[in-house]
Structures are given as C-alpha cells and as structure tokens.
Amino acid sequence: MIIGVPKEIKNNENRVGATPAGVNELVRNGHTVYVQATAGEGSGFADEDYANAGATILPTIAEVYAIAEMIVKVKEPIESEYSLIKDNQLLFTYFHFASHEPLTKAMIERNAVCLAYETVERPDRSLPLLVPMSEVAGRMSIQEGAKYLEKPLKGRGILLGGVPGVRPAQVLILGGGVVGTNAAKMAAGMGADVTILDTNLARLRYLDDVLPANVTTQMSNGYVIRELVKTHDLIIGAVLIPGAKAPNLITRDMLKTMKPGTVLVDVAVDQGGCIETCKPTTHENPTFIIDDVVHYCVANMPGAVPFTSTQALTNATLPYVVQVANKGWKQACATSEELKKGLNVVNGKVVYKAVAEAFGLEYTDVNTVL
C-alpha cells in the first residue's frame with residue numbers, strides 16, 4: 001500500500017502521524033511511505049531520519065495526498081485540506097465527527113473512507129488509540145490548570161499544593177476514566193485536595209483503592225456537581241461518550257456561583273465539551289474569561305508536548321496501521337471488530353450511529369460497506 005504522512009497544519013499542532021521507527025516497520029512489510037518535508041520537526045524527527053528509515057520525502061502536502069492510498073495523520077483534516085482528499089481515499093486519524101458537522105459533511109462529499117482513532121474499540125470497551133492521548137491530556141490538564149490559577153493569568157492566585165500552614169487548592173474532576181484518573185494522579189501528587197466524580201460505582205470503588213488518600217471519590221449527579229463547583233478552585237471536565245457529543249454537566253448559570261478566578265479545563269472540548277460555556281481554543285490563545293471564571297479549552301492539548309505525545313500515540317497506532325496496510329481497509333475491518341468500530345464515514349455513508357444521530361443524518365450499517 002502507498003501510505004502518506006502529511007505535516008499537521010492545525011494551529012500549534014506539532015505531533016506527526018508516524019515516527020521514523022514506524023516508517024521503517026511499514027517499509028519492512030513491503031509498503032511505500034511518503035512523508036511531507038518537515039512533518040516530524042515539531043516532534044524532534046528530521047527529514048533525514050525518515051529518509052534513512054526508507055521513506056520518500058515530498059515537499060508539499062498536496063503531493064502527499066495526491067499519491068497516497070492511505071493518509072496517516074494525528075488531527076482531523078481542516079478546511080484547506082478538504083479539496084486534497086481523493087475519492088475512496090482512506091484517512092486514519094482522530095476525527096471527533098460528532099462535534100463538527102462541517103467536517104462530517106465534507107468527508108461525505110469527498111467520498112472518503114474515514115477510520116477514526118477515537119472509536120477503535122476493544123471487546124472490553126476500552127479505546128486503545130484514545131488512551132495514550134487521554135493519559136497525556138489528563139496529566140496536562142493539571143499542569144495547565146495549576147498555571148492558570150496564578151494571579152497574573154487571572155486565576156485565584158492559589159498554589160496547587162499549598163505550603164505548610166496554608167491549605168492546598170481544591171480540585172474537582174468530572175469523570176473517572178483515563179483522563180480523570182491521570183488528572184487525579186497528577187493533582188494528588190502535587191498535593192492538592194482532589195474530588196473525582198463518576199456515575200459508575202464499581203469504577204469509584206476501584207479508584208478509591210488505587211488513588212492516594214488525598215483523593216475523595218463521590219457519585220456524580222446534577223445536584224452534587226452544582227454544589228461542588230461553588231467551593232473548588234480548579235475543575236477538570238473529563239467526560240467521554242465514545243464517538244458522541246459530550247453532555248453538558250456544568251451549565252452557564254453555574255458560573256455565577258463559582259469563586260472569581262476559578263479555572264475550568266475542558267478536556268472533552270474536541271467532543272463538544274462537557275462545560276456549556278467552553279468553545280475550542282488554541283495553544284496560541286488558550287483561555288477566555290466568562291463571569292470571572294477562566295476557561296482553558298484547547299482542543300489538541302497533547303500537541304504542546306509533541307516529543308512525548310507523538311511517541312505515545314504511535315506506539316498505539318502502529319500495529320493497527322500495519323494491519324490495515326497489509327490487508328487493505330475492507331479486509332482488515334471485516335476481520336477485526338476493533339477496526340470495524342473505527343469506521344465512521346465510508347464512501348458518502350455515515351456508518352457510526354452516534355455521528356448520524358448527532359446531525360440527523362441517515363445511518364448505514366457498517367457491515368453493508370464491507
């Protein structure tokens with residue numbers, strides 16, 4: 001198969017879809033790989049590294065799209081890329097369709113085959129290609145939240161871990177999945193007073209066993225959230241419904257009950273966000289303020305630490321990329337339930353129910369396109 005790795009062009013996105021090691025593995029399996037010039041620079045990989053691994057370097061993104069049968073990326077195509085996508089071309093990347101109707105309609109119109117990292121799902125319902133970036137984003141949410149609690153950045157002026165004689169910050173985490181668990185580990189490790197909410201009692205029991213003593217678990221419901229946001233300094237939105245839009249757990253009216261300088265970090269913003277007032281921001285302009293509450297809503301948080309996040313992501317994606325390249329997308333998805341669940345849009349048809357429901361589009365059973 002001919003595989004293309006373009007340079008990411010989303011604002012301040014420094015990750016890349018394949019490392020030189022990944023390219024070498026694909027070439028060893030008999031595939032041809034084209035990498036756009038400087039695609040890996042932000043993650044610490046030079047063109048020479050890719051060339052030595054067996055890739056051919058192409059100067060422009062248009063050339064990569066024009067020659068490739070499968071495009072391997074990190075983030076969804078942006079508007080300037082739509083016209084480059086060929087009929088029946090396979091794109092393997094994060095899409096998060098349910099929060100982005102123009103992207104969904106563009107991929108339908110381009111007759112593309114869209115295999116989404118975020119909905120590849122194992123039999124135990126875990127999301128192997130979302131986990132590594134959720135781990136990064138969960139840990140980063142505390143790192144960024146701690147920074148924006150500083151007074152010069154319009155926060156409350158609180159040191160996350162406090163000091164002897166002064167109580168630490170209170171951190172509220174909505175969701176006890178991979179993002180929430182990693183956020184809790186980081187916040188607890190920095191000495192904060194942490195509360196983590198979830199609707200799954202079995203998950204709360206597990207978290208209560210494995211997390212430090214300065215983390216309190218609590219069953220989540222609307223009343224509890226409404227009460228806790230009044231007293232907490234840093235609030236992390238870490239709720240995910242695979243392939244679907246995140247629910248709004250913090251509503252606009254709750255902001256007036258929060259302390260001035262409270263910081264909200266919505267890690268779910270690329271799935272529509274679980275905080276009503278959050279809208280996607282960039283690393284260039286990461287925050288905005290409503291009712292004296294600081295909102296940090298960067299949609300590609302791991303893009304700020306590309307050296308770590310590219311390697312974490314490609315460790316997880318490479319086996320699937322090799323599988324798709326070796327078998328072709330149809331056979332790979334027909335023989336792997338994990339990959340089949342990654343199909344979202346195929347040749348003009350929406351084959352992932354949550355995406356169809358998000359925009360009132362016709363849903364086609366995925367088995368009919370295989």
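The values are calculated or read from the model by the stated rules, or taken from the named source; none is laboratory data. The model shown is predicted, which means the values in this text are computed figures rather than measured ones. For neighbour counting, all protein chains shown are included, and Cβ atoms are generated from backbone atoms with ideal geometry for every residue, glycine included. Surface areas here come from the heavy atoms of the whole protein model, side chains and all, with no ligands, DNA or RNA. Shrake-Rupley method; radii C 1.70, N 1.55, O 1.52, S 1.80 Å.
The antiparallel fraction among DSSP beta bridges confined to the chain stands at about 20%. Using the alpha-carbon atoms, what tilt in degrees (0 to 90, nearest 10) does helix 201-210 show relative to the longest principal axis of the chain? The helix 201-210 is inclined about 80 degrees to the chain. Accessible surface area normalised per residue over the chain is 41 Å², counting heavy atoms of protein chains with a 1.4 Å rolling probe.
Over all alpha-carbon pairs of the range 141-299, lay out the pair-distance distribution in 5 Å bins, whole %, shortest bin first. Result, from short to long distances: 2, 10, 20, 24, 22, 14, 6, 1, 0, 0 percent. Once C-alpha pairs closer than 8 Å and six or more residues apart are averaged by separation and normalised to the residue number of the chain, the relative contact order reads 18 percent. From the square roots a ≥ b ≥ c of the eigenvalues of the alpha-carbon gyration tensor of the range 57-213, which class results: rounded (a/c under 1.5), prolate (a/b over b/c), or oblate? Because a/c hits 1.5 or more and a/b exceeds b/c, the range 57-213 counts as prolate. Note on the range 242-322: the alpha carbon radius of gyration divided by the globular reference 2.2 N^0.38 Å gives 1.32. Summed over all non-identical Cα pairs, the Kirkwood treatment of the range 233-280 gives a radius of 10.9 Å. Counting every C-alpha pair in the range 192-233, the share spaced more than 15 angstrom apart comes to 42%. Heavy-atom accessible area with a 1.4 Å probe sorts Thr56, Thr19, largest first, into Thr56, Thr19.
In a reduced charge model with +1 at each Lys and Arg Cβ and -1 at each Asp and Glu Cβ, the chain shows a dipole moment near 580 debye about its Cα centre. Between the range 328-370 and the range 244-303, the alpha-carbon centres lie 31 Å apart.
Surface calculation, 1.4 Å probe, protein heavy atoms: Leu84 sits at approximately 40 Å² accessible.
Listed as lacking a disulfide-compatible partner in the chain: Cys114, Cys274, Cys333, by the criterion of no other cysteine Cβ under 4.7 Å. Quick one: check the C-alpha center-to-center distance for the range 13-40 versus the range 204-218, whole angstrom. Cα centroid to Cα centroid, the span is 40 Å.
Please work out the FRET efficiency for the pair Glu276 and Asn326, using the Cβ-Cβ distance as r and a Förster radius of 51 Å; give the result to the nearest 0.05. Working from the Cβ atoms, E equals 0.70. Coupling constants for the range 141-150 follow from the phi torsions by the Karplus curve (6.51 cos²θ - 1.76 cosθ + 1.60, θ = phi - 60°), and in residue order they are 4, 6, 4, 6, x, 4, 5, 7, 6, 5 Hz; glycine and proline get x.
Counting only protein heavy atoms and using a 1.4 Å probe, the accessible area of Lys245 comes to about 100 Å².
Find which of Ile3, Gly44, Pro59 sits farthest along the positive direction of the dipole of the range 1-136, computed with +1 on the beta-carbon of Lys and Arg, -1 on that of Asp and Glu, about the Cα centre. The residue sitting farthest along the positive end of the dipole is Ile3. A dipole drawn for the range 114-210 from +1 and -1 charges on Cβ atoms has a positive end, and of Met140, Ala188, Gly165 the residue lying farthest that way is Gly165.
Given R₀ = 22 Å, FRET efficiency for Lys151-Phe288 by Cβ-Cβ distance, to 0.05? Numbers along the way, then the final one.
Values: r = 17 Å, r/R0 = 0.79.
The calculated FRET efficiency here is 0.80.
Note on Tyr363 and Ala21: the extension gain reaches 119.3 nm, defined as 0.36 nm multiplied by sequence separation minus the Cα-Cα distance. Just to be sure I understand the curve: with the Debye formula and one point per C-alpha of the range 212-370, what is log10 I(q)/I(0) at q = 0.08, 0.09, 0.18 Å⁻¹? For the range 212-370 at q = 0.08, 0.09, 0.18 Å⁻¹, log10 I(q)/I(0) is -0.35, -0.44, -1.14. Pairwise alpha-carbon distances in the range 1-116 exceed 24 Å for 20% of all pairs.
Segment Thr257..Asn12, full-extension length gain: 84.8 nm, with 0.36 nm per residue of separation and the alpha-carbon distance subtracted. Once the Cα atoms are used to define both axes, helix 306-327 deviates from the longest principal axis of the chain by about 40 degrees.
Take the eigenvalues of the Cα gyration tensor for the chain, scale each by 5, and report the square roots as semi-axes in whole Å, largest first. It would help to have the intermediate numbers written out before the result.
On the way: eigenvalues 274, 98, 70 Å².
Value: 37, 22, 19 Å, ordered largest first.
Result for the chain in a Gaussian network model with C-alpha springs under 10 Å: among Asn315, Asn11, Asn24, the largest mean-square fluctuation is at Asn11. Measuring nothing but protein heavy atoms, the accessible surface of the chain at 1.4 Å probe radius is 51 percent carbon and sulfur.
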